[in-house]
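Notes to accompany the following structure.
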Amino acid sequence: MSLEKIYGVHAVEALLRHHPKRVKQVWLAEGRSEPRVQALVELANQNKVAIGQAERREMDVWVEGVHQGVVADVSPSQVWGEAMLDELLDRTEGAPLLLVLDGVTDPHNLGACLRSADAAGALAVIVPKDKSATLTPVVRKVACGAAEVIPLVAVTNLARTLEKLQQRGLWVVGTAGEAEVSIYDQDLTGPTILIMGAEGKGMRRLTREHCDYLVHLPMAGSVSSLNVSVATGVCLFEARRQRGAKAKAKK
């Protein structure tokens, strides 16, 4: 079984905390000894993970990106299948929030969306298997640990998956610039699937046809749209805000 190289302090720390058995060895750049690296070393020692040292120039060859002097050899990434959704929903109390990325291909955007989804309390992130970014070292680095805790679910047929989720009582809210309803006027407190379209193209036609509601983000400036990862964060935290306000009102 070939190993992957995951890099960056947050990404490696998250793996050691949540999936230590996947980490086979941690490599540190020579001379790194600051507190957060020492904390990572302690975590590796607790999980009996080997630690080695390497020259920065050598680590620069291993990975593309800013590795921060921390690289780990780990077993391959796990992307969940569709059956995982039923398991997650079966054991979830309250109104679930799911994020769908309909064809987002930039790994930096996927990583940022995973980070926002975890922070906003989403249950999982769903992507199509084809023509979509998946878990890579770059995604894990950008996600700053979120890729290790929030499930990324790849499905063969997104439209069919949406139909099944609707049958379970979830409402599908898609984002489209021409929609008449603002995200701030849409009720997001119930069981919700939030769909964000691909960079530049937006949602595919078939995905759009499966939406119960379409919403837009009001734009006050001269630009007509936001980067998909930024828009995703805004929409997810609007759902988080509404749910928090509803919970307070019940007290």
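Assorted remarks:
- Helices assigned as whole DSSP H runs in the chain whose Cα atoms extend at least 30 Å along their own long axis and whose mean Kyte-Doolittle hydropathy is -1.0 or higher are found at 228-250.
- Cβ-based exposure ranking for T105, T156, in which fewest neighbours within 10 Å come first: T156, T105
- Considering only the range 83-250, percent of DSSP beta bridges that pair antiparallel, nearest 5: 5 percent
- Only Cα pairs under 8 Å and 6+ residues apart enter the sum, and on that basis the relative contact order of the range 83-250 stands at 27 percent.
- Global form of the range 204-251, assessed from the alpha-carbon gyration tensor, a/c cut-off 1.5: oblate
- Y7, Y213 arranged by Cβ crowding within 10 Å, fewest neighbours leading: Y213, Y7
- Above-threshold pairs, the threshold being 27 Å between Cα atoms, out of K21/K131; K5/K129; K131/K164; K5/K48; K129/K201: K21/K131
- Other-chain or far-sequence residues with amide H under 5 Å of I195's (modelled H): V100, V173, G174, T175
- Across the range 53-64, computed HN-Hα scalar couplings (Karplus, 6.51 cos²θ - 1.76 cosθ + 1.60, θ = phi - 60°) run 10, 8, 6, 4, 4, 5, 5, 4, 6, 5, 10, 9 Hz from first to last residue, x flagging Gly and Pro.
- Note on the range 32-71: Cα-Cα pairs beyond 14 Å make up 51% of the total pair count.
- Cα radius of gyration and Dmax for the range 4-74 (Å): 10.7, 29
- Counting neighbouring Cβ atoms within 10 Å and putting the fewest first, the residues V66, V155 line up as V66, V155.
- Overall dimensions of the chain by Cα: Rg and Dmax, Å: 19.6, 57
Here, each number is a calculation from the coordinates, and none is a lab measurement. Nothing here was measured: the structure is a model prediction, and the numbers come from that model. Glycine gets a Cβ as well: all are built from the backbone with ideal geometry, and neighbour counts include every protein chain shown.
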